[in-house]
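Each remark here refers to the structure printed beneath this line.
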Amino acid sequence: MKVIKTLSLRSWPRATIAERLSKSYREGVHVTLHGEYDVGRLKELKERLEPVIMEKYNTRLTYTSLLVKIVSHVINNHQIFNSIIDGDEVKVIEDVNICVAVQSSKLGLVTPVIKNANLKKLGEIALQLNELVSRAREGKLSIKDLMEGTFTISNVGVLGSVDAFTQIINPPQVAILGVGRIVDKPVVINNEIRIRPTCTFSLTFDHRVIDGYHGAEFLATLKEFLEKPEMVIKEDV
């Protein structure tokens with residue numbers, strides 16, 4: 001067996017990533033629920049708002065930006081998901097600070113934070129997220145960019161190769177949402193078969209803090225907002 005390269009789990013940043021995720025998996029009771037939802041109206045909204053965001057903020061509108069906005073409002077309805085574990089205590093946090101998982105060749109897997117996402121306009125989220133992703137890939141994130149997150153979104157759907165997956169919770173948080181690719185599938189609507197864009201969402205949560213019923217409630221609200229995105233995303237972006 002010929003070894004072509006040796007990597008150390010103790011080298012930075014891999015050591016930090018390995019330590020944090022191992023601790024999370026070792027101490028938490030991870031449960032994952034999956035749901036496949038129609039994102040046709042979300043896709044239409046994105047196409048309609050893309051030129052508006054570009055003109056007003058000079059930045060691209062991505063699905064991840066839309067999801068940060070939507071998920072922040074889901075959390076408003078299910079605040080236990082916006083918690084952190086501190087020793088033997090679970091602290092529910094008022095500020096909805098959404099982490100977004102980004103793969104960086106220089107930093108490894110990082111999760112920069114959109115703070116108070118529920119209070120920001122969609123265009124503000126898009127601008128800030130694009131700046132954070134760019135800095136992450138350049139290895140220029142600050143410690144402040146990575147602090148005080150309360151919930152994480154991991155969108156691997158942009159790669160176009162994954163439908164659903166089981167992710168590890170980003171400690172000290174209690175939940176993480178995984179996003180798969182968008183795929184056109186036959187869907188029954190009013191007894192008729194139609195082709196609709198669908199996406200699978202995977203919610204992993206710590207069962208020590210959150211029961212399965214509440215996980216299902218979270219996904220039910222997410223489904224409602226995805227299928228009626230105008231409920232949380234206004235034209236005034």
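Nothing in this text is a laboratory measurement; each read-out follows from the coordinates by a stated rule. Given the structure is predicted, the values throughout are model-derived calculations rather than measurements. Virtual Cβ from ideal backbone geometry, glycine too; neighbours counted across all protein chains shown.
Brief remarks follow.
- Backbone N under 15 Å from the GLU50 label point (7 Å along Cα→Cβ), restricted to the range 160-194: 182
- FRET efficiency estimate (nearest 0.05) - Cβ-Cβ, ILE93 to ILE4, R0 45 angstrom: 0.50
- Length gained when the stretch HIS34-TYR213 is fully extended (0.36 nm per residue, less Cα-Cα span): 63.1 nm
- Extension gain for the segment LEU146 to GLU230, taken as residue separation times 0.36 nm less the Cα-Cα distance, is 27.3 nm to one decimal.
- Loop-located trypsin sites (Lys or Arg not before Pro) in the range 121-171, at most 15 other Cβ atoms within 10 Å (DSSP): LYS140
- Once the mean of 1/r is taken over each pair of separate Cα atoms and inverted, the range 116-237 shows a Kirkwood hydrodynamic radius of 16.9 Å.
- Label-to-label distance for LYS223 and SER105 is 4.1 nm, based on points extended 7 Å past Cα in the beta-carbon direction.
- Restricting the range 82-171 to GluC sites (Glu not before Pro) in coil, as DSSP defines it, with at most 15 other Cβ within 10 Å: GLU94, GLU138, GLU148
- Taken over the Cα atoms of the range 14-231, the convex hull encloses 124 Å³ per residue.
- Computed magnitude of the charge dipole of the range 14-231 (debye, nearest 20; Cβ of K, R +1, Cβ of D, E -1): 680 debye
- Sorted peptide list for 34-41, 111-118, criterion being average Cβ within 10 angstrom, highest first: 111-118, 34-41
- Measuring nothing but how far apart in sequence close Cα pairs (under 8 Å, 6+ apart) lie, relative to its length, the chain scores a relative contact order of 28 percent.
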